[in-house]
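Report on one structure; see the data block that follows.
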Amino acid sequence: ELLTELWNEGVREISTRELSREIGLRLCNESSILYWAAKNNIPVYVPGITDGAVGYQIWLFSQDHKLKIDVLKDEQEINDLIFDAKRTGALIIGGGISKHHVIWWNQFRGGLDYAVYITTAVEWDGSLSGARVREAISWGKVKETAKHVTIEGDATVILPLMIAALISELKA
């Protein structure tokens, strides 16, 4: 339905950030991250958008409509955000492609200034998801002087506790 609406509005090419925003603008669900991101003009990038059900639906739609997802536009915007920032930091929940995108571009500006990793992935298997901050430091993706921590645990437990502590601290 959304893709049909966008197509009928003349959209033939869209970035994942733009698509995420369009989804958020159409949601009437205050428990949705995309809803709040759209409402507050916060960009959401989805570098692995074709991996899964959403990507399948986009592919299916594109069989009859030549809609293109412009991931290079996303790359340029991420690059611009990172290079325009005085300092950069990342809260990385899990790993994989989204983790890589955040730390990758930062290596070209000297690395992240702050990094918090929340993961259940093990380090010993050699996966990016399990790689600790010291690995990113060795590549220059995180500065040696950066404030950083790796928290091993379930993000569905850890993240709400972190947010509650932050809210409590801000109120104090």
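Checking each residue in the range 42-64 for being in contact (Cβ under 8 Å) with a residue 40 or more places away in the chain, surrounded by 14 or more Cβ atoms within 10 Å (Cβ to Cβ) and not hydrophobic (A, V, I, L, M, F, W, C) picks out Tyr45, Pro47, Gly48. Which members of the range 52-96 meet the condition of being part of a strand (DSSP E or B) and touching a His at 6+ places or on another chain (Cβ under 8 Å)? None - no residue of the range 52-96 is part of a strand (DSSP E or B) and touching a His at 6+ places or on another chain (Cβ under 8 Å), so the list stays empty. Exactly one residue among Ala121, Ala85, Ala115, Ala164 is at pLDDT below 95 and either over 23 Å from Thr16 (Cβ atoms) or aliphatic (A, V, I, L, M) (or both), and that residue is Ala121. Checked against the criteria, Val71 counts as touching a Pro at 6+ places or on another chain (Cβ under 9 Å), surrounded by 15 or more Cβ atoms within 10 Å (Cβ to Cβ) and β-branched (Val, Ile, Thr). Please verify whether the range 125-134 includes one or more residues that are over 23 Å from Val44 (Cβ atoms), modelled with pLDDT under 95 and in contact with a strand residue (DSSP E or B) (Cβ under 6 Å, 6 or more places away or on another chain). Checking the range 125-134: at least one residue is over 23 Å from Val44 (Cβ atoms), modelled with pLDDT under 95 and in contact with a strand residue (DSSP E or B) (Cβ under 6 Å, 6 or more places away or on another chain). In the range 144-165 there is no residue that is of a type in the set (Val, Ile, Thr), outside the structural domain of Thr16 (by TED's automatic domain parsing), touching a residue at least 40 places away in the same chain (Cβ under 8 Å) and not in a helix (DSSP H, G or I).
Quick grid of which residues meet (1) under 12 Å from the mean Cα position of the chain (by Cα); (2) under 22 Å from Ser129 (Cα atoms):
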residue	(1), (2)
Ile33	yes, no
Ala38	no, no
Pro47	yes, yes
Gly52	no, yes
Asp70	no, no
Gln76	no, no
Asp84	no, no
Gly94	yes, yes
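The values are calculated or read from the model by the stated rules, or taken from the named source; none is laboratory data. The shown structure was predicted, so the numbers you read here are calculated from the model rather than taken from an experiment. Backbone-built Cβ (ideal geometry, glycine too); neighbour counts: all protein chains shown.
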